[in-house]
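See below for the structure under consideration.
Each reported figure results from applying straightforward, stated rules to the coordinates on display, with no laboratory input. Values in this document were obtained by computation on a predicted structure and should not be read as measured data. Virtual Cβ from ideal backbone geometry, glycine too; neighbours counted across all protein chains shown.
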Amino acid sequence: LDLDRVLRLSLNWAIALTNADGGSIGLLEPVDDESDEHLLRLMVNRGVQEPNAARTVESNHPVLKQVLAEKKSVVIRNVAESESIDGTPATVQLAVPIQQNDVIAGLITLESQHFDDMSREDTAFVERLADRAAVAINNSRLYQQIQFANNAKSEFVSLVTHELRLPMTSIKGYTDLINSGMAGPVNDQQRQFLEVIRRNLERMSALISDLSDINRIESGRMTFDVQDFDLNQVVEDVVDNYRKPIVGRNQKIAVEVPEDLPPVHADPNRITQVVTNLVSNAHKYTPDGGAIIVRATFDNDFAKVAVIDTGYGISEEDQQKLFTQFFRSDHVEVRAQNGWGLGLSIVRKMVEAQGGEIGFDSKLGQGSMFTFTLPLAKINGL
């Protein structure tokens, strides 16, 4: 996708294998946003003798005009000054269009002061180079468009999340004030309404947090405070936080972590987020009375965490899209739970960004097991 490198290599090959004295490669670009006219901007050149050689060529240039009209290579003999594409004196000039799907993107120009003509073999070779250059140019422009779209999306998400946080903070603050009775007595029905507001604020806050995380990861702005830490403590803290809602649904949860589990090397806060997401999913998508196990094992280089549940399971069709952003299954049990379909996408990116891998095993109606690995801490530099 390094367009400049591709163009320079193409020009060097063309000059070397045709024994030309010099040449250039130019790309077509619109004169302005409202015009159909184009000009040729010379991107790379070699052997151009005149220091003031033009960097742009107007579309009415006789050689460029002919190439654009005929869409084929043009050989000019006894090159007049007005016919030279890049201002180089020459006895012969070869101009080969760079085109794909019958659309011209640029021009390869070669000049020689020692030959009277360009052979058909030389022309055919440069035309093949032009075909390769056309593919590279197209890929580079597509990549630039994707980068532009990603940057625009990133800026939009940053703006939206920032603009939403302030009013949500105000709503939460005033809701808490009302609920505390500072604005007067609050009856039972009003408290129910305030609770509905609080729950929806929490949902929106979670969405904003998830969007911000994805945005930072994809834009390369998420930082990781990598250190050696006790994975068992992270697992215990997460499970303790979920014991009350788990008991409230008559579910059972067990932790199986060996006492000799070595420290891992990662960001403890991000891994807490990963474990929290997986335990939360297991809790949400396991029916009342079900069971959840959080298990950790290790080998020579990695620790492995597994979150196992006796929940609804995942169909083979849904498994193909499980880590896709905003994907949620159409199964009624899944749709009954709140969620945005962002959690597993974030978990995967966070784990992989820290040198680990994530996977799962599931059958519809038979529960699921999600696993992820983390590198073990180096002991005494080993």
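Taking the square roots of five times each eigenvalue of the Cα gyration tensor of the stretch 148-218, the equivalent ellipsoid has semi-axes of 34, 11, 7 Å, listed largest first. Here the spin labels are modelled as points 7 Å beyond Cα on the Cα-Cβ line, and at Met369 and Leu261 they lie 1.6 nm apart.
For the listed residue pairs Lys244/Lys378; Lys304/Lys363; Lys349/Lys378, the alpha carbons are over 25 angstrom apart in Lys244/Lys378.
For Glu333 and Asn12, the difference between the fully extended length at 0.36 nm per residue and the C-alpha to C-alpha distance is 109.3 nm.
At an R0 of 25 angstrom, the distance between the Cβ atoms of Ser170 and Gln190 translates into a FRET efficiency of 0.85.
For the chain, modelled as a GNM whose springs connect Cα atoms under 10 angstrom apart, the maximal fluctuation among Val279, Val57, Val264 occurs at Val57. For the stretch 3-146, the share of alpha carbon pairs falling in successive 10 Å distance bins from zero is 12, 46, 34, 7, 0 percent. Pairs of C-alpha atoms in the chain farther apart than 34 Å represent 54 percent of all such pairs. Among 84-96, 218-230, sorting by the average number of other beta carbon atoms lying within 10 angstrom of each residue, highest first, gives 84-96, 218-230.
Considering the dipole of the chain built from charges on the beta carbon (Lys and Arg +1, Asp and Glu -1) around the Cα centre, which of Val92, Leu9, Gln192 is farthest to its positive end? Of the options given, the answer is Gln192.
Between Val275, Asn241, Ile358, the Cα set farthest toward the positive side of the dipole of the chain (charges on each charged residue's Cβ, about the Cα centre) is that of Asn241. With K and R counted +1 and D and E -1, the other residues having a Cβ less than 13 Å from that of Ile292 yield a net charge of +2. Full extension of the chain between Ile293 and Asp230 gives 20.8 nm of extra length, using 0.36 nm per residue less the Cα-Cα distance.
Per-residue extension of 0.36 nm, minus the Cα-Cα distance of Ile146 and Ala254, leaves a gain of 34.3 nm for this segment. The relative contact order of the chain comes to 10 percent, based on Cα pairs under 8 Å that sit 6 or more residues apart. Just checking the listed ones, Val294, Val186, Val255: in the Gaussian network model of the chain with Cα springs under 10 Å, the one fluctuating most is Val186.
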